[in-house]
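Here, each number is a calculation from the coordinates, and none is a lab measurement. Small disclaimer: the values here were computed from a predicted structure and weren't measured. Don't worry about glycine lacking a Cβ; one is built from the backbone with ideal geometry, like all the others, and counts go over all protein chains shown.
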Amino acid sequence: MALTVLIVVGGVKGGIERASLLLMPVLFLIVIGLALWATTLPGAGTGYAVYLKPQVQELMSPSVWRAAVAQAFFSLSLGMGGMLTFASYLHRDQNLPESATVVAYTDFGVAFIAGLVVFPVIYSLGLQGAVGASTVGALFIAVPGAFEAMGAVGRVVGLFFFIALALGALTSAISLLEVVTASVMEEMQLSRRKAAVATGTAIAALGILPALDTDTLGLMDKIAGEFLLVAGALALAILAGWRLTGEVREELLAGATPFWRRQVPRILFVLRWVVPPVVAIVLLFSLRETVTVVTEYLAG
């Protein structure tokens, strides 16, 4: 958290952009290297089959849609102000539809390659049960033990595996802290240094309890990482699609190529008529799941 605050204090260009130019390529190279190594594992084929073979019947499960939407929103920083904050730093003539497409496909590409690492490792090392019971348990208990059992090679691979995990966490934390810092700077007229230190300290204090108790971590993740994200995305879609349509059209057209200019009406149609009802349905399922988790937490 201290490193995150330090980078955010450096500003957008001096801190966040400079750190991202270094950290993101390193993260990509490590993930690609791990994916290549995973192809050599005995039993990796089972992991690939589970990961890549479609199970169409699962598309009928509300829990799958809820989890997928929550993961997409979290990964793309939608519904939490991330895209809004960083978009506000762009030039007026930036091609927003093209940038959004690049971001979405890049995000998907990294996640897909990460799956080519995780699933072969899980099924090669026999960690299916650990993953089903707890993602936290799989990442920080089962996986390290499995790497340790592999000897010297496992220790080296495990080192890079957790470096990639740490880099992913750091880059995510930077973008999220920038959202809060920017808001505090604007609303309270504080300097970047004071805003970043104050918000970073408050968030670190708030994170002590979930860091010590995985049940609390799961509860906070369910509320903030799923329900509130979906609710925020729905509010943004309604605001952009129905209240600020003219401003949104103007922003989308500014800097757009002829091809993307032709797509703007379609984008606005989806934003108005497709996104709100779909996200609203997901929100209902997320609310039901969140209430269940909160009830179980309070009872236990």
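Whole-Hz ³J(HN,Hα) for each residue in the range 27-40, computed from phi via Karplus 6.51 cos²θ - 1.76 cosθ + 1.60 with θ = phi - 60°, x for glycine and proline: what do you get?
Each residue of the range 27-40 in turn: 4, 4, 5, 5, 5, 5, x, 5, 5, 5, 5, 4, 5, 8 Hz.
Enter the angle in degrees (range 0 to 90, nearest 10) between the Cα long axis of helix 228-238 and the first principal axis of the Cα atoms of the chain, meaning the one along which they spread out most.
Between the helix axis and the principal axis of the chain, the angle is about 30 degrees.
Using each residue's phi in the range 165-180, evaluate 6.51 cos²θ - 1.76 cosθ + 1.60 at θ = phi - 60° and report the 3J(HN,Hα) Karplus result to the nearest Hz, with x for Gly and Pro.
Taking θ as phi minus 60°, the curve returns 5, 5, 5, x, 5, 5, 5, 5, 4, 4, 5, 6, 5, 4, 4, 5 Hz for the range 165-180.
Based on the alpha-carbon gyration tensor of the range 23-164, what equivalent-ellipsoid semi-axes (square roots of 5 times the eigenvalues) come out, in whole Å, largest first?
Ellipsoid semi-axes (Å, largest first): 31, 20, 14.
Could you give the length gained by full extension between Q128 and V56, i.e. 0.36 nm per residue of separation minus their alpha carbon distance, to one decimal place?
23.8 nm
Report the gain in length on full extension from L3 to Q263: 0.36 nm times residue separation, minus Cα-Cα distance, nm rounded to one decimal.
Result for the pair: 89.5 nm of gain on full extension.
Express in % the proportion of alpha carbon pairs of the range 223-300 at distances exceeding 14 Å.
The proportion of pairs with Cα distances above 14 Å equals 67 percent.
Under the Karplus relation 6.51 cos²θ - 1.76 cosθ + 1.60, θ = phi - 60°, what is the ordered set of whole-Hz ³J(HN,Hα) values for the range 253-264, x standing for Gly and Pro?
Computed from phi, the couplings for the range 253-264 are 7, 5, x, 6, 6, x, 4, 6, 4, 6, 8, 4 Hz.
Determine which residues of the range 12-30 fall in the zone a paramagnetic label at V102 would reach in this model, i.e. backbone nitrogen under 20 Å from the point 7 Å along Cα→Cβ.
Output list for this probe position: 12-29.
If you look at just the Cα atoms of the chain, how large are its Rg and its Dmax in Å?
20.8, 61
Take the Cα gyration tensor of the range 65-104, multiply each eigenvalue by 5, square-root it, and list the three semi-axes largest first, rounded to whole angstrom.
23, 12, 5
Hey, with R₀ at 25 Å, roughly what FRET efficiency would I208 and L165 work out to, going by the Cβ-Cβ distance, to 0.05?
0.75
Could you work out the helix-only [θ] at 222 nm for the chain, with each DSSP H run of four or more residues adding -39,500 (n - 2.57) and the total divided by the number of residues, to the nearest 500 deg cm²/dmol?
Helix-only estimate at 222 nm: -24000 deg cm²/dmol.
Shape call for the range 181-238 from the C-alpha gyration tensor, a ≥ b ≥ c root eigenvalues: rounded (a/c under 1.5), prolate (a/b greater than b/c) or oblate?
oblate
Full-extension gain between M24 and S88, please, as 0.36 nm times their residue separation minus the C-alpha to C-alpha distance.
Answer, rounded to one decimal: 20.9 nm.
If neighbour count is taken as other Cβ atoms inside 10 Å, put M1, M83, M188 in order from fewest to most.
Ordered by Cβ neighbours within 10 Å, fewest first: M188, M1, M83.
What is the distance, in nm, between label points placed 7 Å from the Cα along the Cα-to-Cβ direction at V12 and at L298?
It is 4.2 nm.
Given a cut-off of 16 Å, what percent of all Cα-Cα pairs of the range 9-55 lie beyond it?
Beyond 16 Å sits 60 percent of the P(r) for the range 9-55.
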